Amino acid sequence: MGKILVFGGAGYIGSHTCKALTCEGFQPVVFDDLSEGHRDFVKWGPLVKADIRHPEAVRSAIAEHRPEAIIHFAALTSVPDSVSDPGRYYATNVSGSLNIIAAAGEAGNIPVVFSSSCAVYGMPEEVPISETCPTAPITPYGRGKLMVEEILADFDAAHGLRSVALRYFNACGADPQGEIGESHRNETHLIPRAILAALGRIGDFRVFGDDYDTPDGSAIRDYIHVSDLADAHVRACRHLLNGGKSARVNVGSGRGFSVFEIIRAVEAAGAGRVPLKLAPRRAGDPPRLVADTGMAKQLLGFSARHSDLETVIETALAWHRKTG
Ligand code: NAD
């Protein structure tokens, strides 16, 4: 089977996708500068240690490995940091992505699967959110994702470079075999933070807002297990390799859980009590973000199989216990 060049493949979602690609008979090659990723997450193929901001490095990796498809995860991922340091975010997330897209085009229109985000919707008026909902991102992180989607659409229109932008909701959980998991150096995501707080490894765990118009007052999000996300990428690759058209597709579970439901699930899984402080809402945090999953099912035959809350928390907790 063919090679897939995986930009950002040493990171959380990228490494799980490399494992899934291998299981499906593809050969992943990772391109990552290891700024956030981990050398020991690159288990299923070679590593090109380089920076996507350097066009020559991107071009030469493509020329050397001649992949049949590209998956592009490499990005800076902190939404608040994108607000305080937009230049750094646009340089990596937009200019770096343009380097990949241009090189994919020059090398003969190698199809691209791109990590987009539900952040492109900003503060959506309708929930569940379908792909036809208006995009109105409210941070440089979200605007950068939408810019890359537009660049991809322009390259398709001009040159026939096909792509699938997967708009993920909240990635969570860990490899059920415990080989890899979520190990961000500065962890900002709710589930790992709640687990790390329960395990006594972080002191400051805050719940932002308990006065939303939701049943228990806390914000509701759609949590998608990272193994399901990995599966969606394999399916998106197959779609493009089979000649499928470009698309922008939500990837979520279609179910929402509140912050307090997550905390209760972490405690019920035996992590211990989650010590929490209540804090005011953060600007720009919508009350509810839940995916309409119809297009993922129709176009990619995708539906979440590992995203029940028990599996998510159990696999994440096992990973954090193992790596503590
Ligand atoms: P991650 O930080 O674990 O992975 C990103 C990888 O990109 C890291 O391995 C990092 O070293 C690499 N990277 C960063 N800058 C680079 C550069 N200049 N050159 C080469 N490599 C570079 O993050 P993740 O959670 O796995 O997210 C992967 C992608 O999914 C990102 O594009 C992110 O924006 C997107 N996304 C994530 C979520 C989520 O819930 N985690 C939700 C929506 C979208």
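Pull out all pairs, ordered by first then second residue, where Cβ-Cβ is under 6 Å, the residues are six or more apart or on different chains, the first lies in segment 112-137 and is in a strand (DSSP E or B), and the second is small (G, A, S) and more than 15 Å from the ligand (Cβ to nearest atom).
If the second residue must be small (G, A, S) and more than 15 Å from the ligand (Cβ to nearest atom), the pairs left are V112/A104.
Condition first: hydrophobic (A, V, I, L, M, F, W, C) and within 14 Å of the ligand (Cβ to nearest atom). Now tell me which residues in segment 115-160 satisfy that.
C118, A119, V120, I129, L146, M147, V148, L152
Looking at A198, A158, A153, A194, can you tell me which residue is loosely packed, with under 15 Cβ neighbours inside 10 Å and among the hydrophobic types (A, V, I, L, M, F, W, C)?
Matching residue, one of A198, A158, A153, A194: A158.
Residue check: is V312 touching a residue at least 12 places away in the same chain (Cβ under 8 Å) and more than 17 Å from R221 (Cβ to Cβ)?
Numbers: touching a residue at least 12 places away in the same chain (Cβ under 8 Å): yes; more than 17 Å from R221 (Cβ to Cβ): no.
Against the criterion (touching a residue at least 12 places away in the same chain (Cβ under 8 Å) and more than 17 Å from R221 (Cβ to Cβ)), V312 does not qualify.
Given G45, G9, which one is within 8 Å of the ligand (Cβ to nearest atom) and crowded, with 18+ Cβ neighbours inside 10 Å?
Only one candidate qualifies: G9.
Can you confirm whether Y223 is of a type outside the set (K, R), touching a Cys at 6+ places or on another chain (Cβ under 8 Å) and either within 16 Å of the ligand (Cβ to nearest atom) or on the phi < 0 side of the Ramachandran plot (or both)?
For Y223, the condition - of a type outside the set (K, R), touching a Cys at 6+ places or on another chain (Cβ under 8 Å) and either within 16 Å of the ligand (Cβ to nearest atom) or on the phi < 0 side of the Ramachandran plot (or both) - is met.
Quick check on H16: is it in contact with a helix residue (DSSP H, G or I) (Cβ under 8 Å, 6 or more places away or on another chain), near the ligand (Cβ under 9 Å from one of its atoms), assigned by TED's automatic domain parsing to the domain that holds R88 and touching a residue at least 60 places away in the same chain (Cβ under 8 Å)? Write out each step before concluding.
Numbers: in contact with a helix residue (DSSP H, G or I) (Cβ under 8 Å, 6 or more places away or on another chain): yes; near the ligand (Cβ under 9 Å from one of its atoms): yes; assigned by TED's automatic domain parsing to the domain that holds R88: yes; touching a residue at least 60 places away in the same chain (Cβ under 8 Å): yes.
Judged against the criteria, H16 is a match.
Looking at the structure I just gave you, is D51 near the ligand (Cβ under 8 Å from one of its atoms) and either modelled with pLDDT under 95 or surrounded by fewer than 24 Cβ atoms within 10 Å (Cβ to Cβ) (or both)?
Yes: the conditions hold for D51.
Output yes when any residue across segment 281-294 is under 25 Å from A197 (Cα atoms), in contact with a Leu (Cβ under 8 Å, 6 or more places away or on another chain) and at pLDDT 95 or above, and no when none is. If you could, list the steps in order and put the result at the bottom.
Our first condition is that a residue be under 25 Å from A197 (Cα atoms); within segment 281-294, this holds for 281-289.
Now restrict to residues that are in contact with a Leu (Cβ under 8 Å, 6 or more places away or on another chain): none.
No, that holds for no residue.
Suppose we filter H72, H38 for residues that are within 12 Å of the ligand (Cβ to nearest atom), surrounded by fewer than 19 Cβ atoms within 10 Å (Cβ to Cβ) and at pLDDT 95 or above; which single one remains?
The match here is H38.
Somewhere in segment 80-102, is a residue in a helix (DSSP H, G or I), within 9 Å of the ligand (Cβ to nearest atom), in contact with a Leu (Cβ under 8 Å, 6 or more places away or on another chain) and in the same structural domain as A158 (by TED's automatic domain parsing)?
Checked segment 80-102: at least one residue is in a helix (DSSP H, G or I), within 9 Å of the ligand (Cβ to nearest atom), in contact with a Leu (Cβ under 8 Å, 6 or more places away or on another chain) and in the same structural domain as A158 (by TED's automatic domain parsing).
Find all pairs meeting these conditions: Cβ atoms under 7 angstrom apart; at least six residues apart or on different chains; first residue within segment 74-87 and within 24 Å of G9 (Cα to Cα); second residue more than 10 Å from the ligand (Cβ to nearest atom) and outside any helix (DSSP H, G or I).
Once the first residue is within 24 Å of G9 (Cα to Cα) and sits in segment 74-87, its partners that are more than 10 Å from the ligand (Cβ to nearest atom) and outside any helix (DSSP H, G or I) give V79/T139; S82/T139.
Could you count how many residues in segment 54-68 are within 13 Å of the ligand (Cβ to nearest atom) and among the β-branched types (V, I, T)?
1
Where residues in segment 264-292 are without any contact (Cβ under 8 Å) to a residue 60 or more places away in the chain and surrounded by 14 or more Cβ atoms within 10 Å (Cβ to Cβ), which of them is farthest from R321 (Cα to Cα)?
Only one residue fits best here, namely R264.
The values are calculated or read from the model by the stated rules, or taken from the named source; none is laboratory data. Remember, predicted model here, so these are calculated numbers, not experimental data. Every residue, glycine among them, receives a Cβ derived from its backbone with ideal geometry; neighbour counts consider all protein chains shown.
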